[in-house]
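Okay, so here's the structure we're looking at.
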Amino acid sequence: MPTTMGKSLMLPFRRLHDIKQQDKPFFFAVGFWKPHLPFNAPKKYWDMYNREEVPVPENISYPQNIPEIALTKYKIDDLKESLTTDDLREMHHAHLAAISYMDAQVGKVLAELETLKMKENTIIVLWSDHGLHIGEHGLYSKTTVFDLDARVPMIITTPEHQGGQRTNSLVELLDLYPTLLDLTGLEGPEVLEGTSLVPVLDDPSAVVKPVALTQTPRPNYPRGTMPEVMGYSIRSGDYRYSEWRDFKTGKVVATELYDHQKDPAETINVADSAEYADAIKDLADLLQQTVPVQQR
């Protein structure tokens, strides 16, 4: 990728050079389509992986005791007659190649920031909008509230936070806005649903919220109409608890509970187990407090 002004620069780099010349505060957003479908990364990224060593999901069956509404319309059942382990391995190989391709592009942007001597005074955030099923839970694609779809990468670096530390603190994507306001000293609206993550940047052991909320509608894509049912799911340190509610009445039509201490892959819905009655009561109260007021 050329980086000198005497050569043709690709659009993101041209913009960075323009920003550098303006010498004033800036916000620069770069969206990467990969690793979204189609998995058509250049061959060099496929060659980074040995197909025979690419892992495939151990269980492509639906979770036990799962309510039908928790599944998407994108089911492996629709493909099972023609789908083989080799097919799954090829798809996961393709996904890894697409991730590596995207990672290389992020590296090029960061390298250009270094070249322009802008990185030392720039806040950088990398995140994804959703995860992806490739056989897990008997599904492919997204639009569930399973951890595999709801849990996404989030990396934040600032001139003051360069340690490369990890945290187990629960956070949400809507926390990014108040975090950036806090880091830049800007004033925002009086009411924000998100929470600044600066305490976690300062101390990875800090806790800023008890649960993280995810939601998805049914049908999967209402296409201009109101959903019939909305799935609300909260992730605590030990559990994922989900309620599927009639969107008009708010009536709960199905529930799910996964014990992440015993079942991190979310293969058994234990919502009907008497052993978890107290946990469900506490989590249901937390979910009610977490769902936005206009959706309760």
So which of 173, 201 is more than 21 Å from residue 131 (Cβ to Cβ), open to solvent by 30 Å² or more (accessible area, probe 1.4 Å) and either of a type in the set (S, T, N, Q) or out of contact with any Gly (no Cβ under 8 Å at 6 or more places or on another chain) (or both)? 201
With the requirement that a residue be in contact with a strand residue (DSSP E or B) (Cβ under 7 Å, 6 or more places away or on another chain) and surrounded by 14 or more Cβ atoms within 10 Å (Cβ to Cβ), what does region 107-127 give you? 123, 124, 125, 126
Can you report the number of residues in region 136-162 which are more than 18 Å from the chain's Cα centre (by Cα) and over 30 Å from residue 199 (Cβ atoms)? 1
I'd like the full set of residues that are free of Cβ contacts under 8 Å to residues at least 40 places away in the same chain and over 17 Å from the mean Cα position of the chain (by Cα), limited to region 26-39. 26, 27, 28, 29, 38
If you check every pair at least six apart or on different chains, which have Cβ atoms under 9 Å apart with a residue in region 224-248 that is modelled with pLDDT under 95 and crowded, with 21+ Cβ neighbours inside 10 Å first and a residue that is aromatic (Phe, Trp, Tyr) and not in a loop (DSSP other than H, G, I, E, B) second? none
Taking into account only those residues within region 224-240 that are hydroxyl-bearing (Ser, Thr, Tyr) and closer than 12 Å to residue 286 by Cβ, which is nearest to the chain's Cα centre (by Cα)? 233
For region 176-194, which residues satisfy the criterion of being within 19 Å of the chain's Cα centre (by Cα), open to solvent by less than 70 Å² (accessible area, probe 1.4 Å) and at pLDDT 95 or above? 176, 178, 179, 180
Residues located in region 29-50, provided they are modelled with pLDDT under 95 and open to solvent by 60 Å² or more (accessible area, probe 1.4 Å): 29, 31, 32, 33, 36, 37, 38, 40
Hey, any hits in region 95-110 for a residue that's of a type in the set (Asp, Glu) and touching a His at 6+ places or on another chain (Cβ under 6 Å)? no
Pairs only if they're at least six apart or on different chains, beta carbon under 9 angstrom, first in region 162-175 and closer than 16 Å to residue 236 by Cβ and acidic (Asp, Glu), second open to solvent by 60 Å² or more (accessible area, probe 1.4 Å) and part of a loop (DSSP other than H, G, I, E, B); list them, first residue then second. 172/193
Screening 253, 211 for residues that are of a type outside the set (Gly, Ala, Ser), touching a Lys or Arg at 6+ places or on another chain (Cβ under 9 Å) and either open to solvent by 50 Å² or more (accessible area, probe 1.4 Å) or at pLDDT below 95 (or both) leaves only 253
Examine region 61-83 for a residue that is open to solvent by 70 Å² or more (accessible area, probe 1.4 Å), at pLDDT below 90 and either under 21 Å from the mean Cα position of the chain (by Cα) or among the hydroxyl-bearing types (Ser, Thr, Tyr) (or both), and state whether such a residue exists. yes
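The values are calculated or read from the model by the stated rules, or taken from the named source; none is laboratory data. Source: prediction; values computed, not measured. Neighbour counts run over all protein chains shown; Cβ positions are idealised from the backbone, glycine included. Protein only, heavy atoms only, side chains kept; ligands, DNA and RNA dropped before computing areas. Shrake-Rupley method; radii C 1.70, N 1.55, O 1.52, S 1.80 Å.
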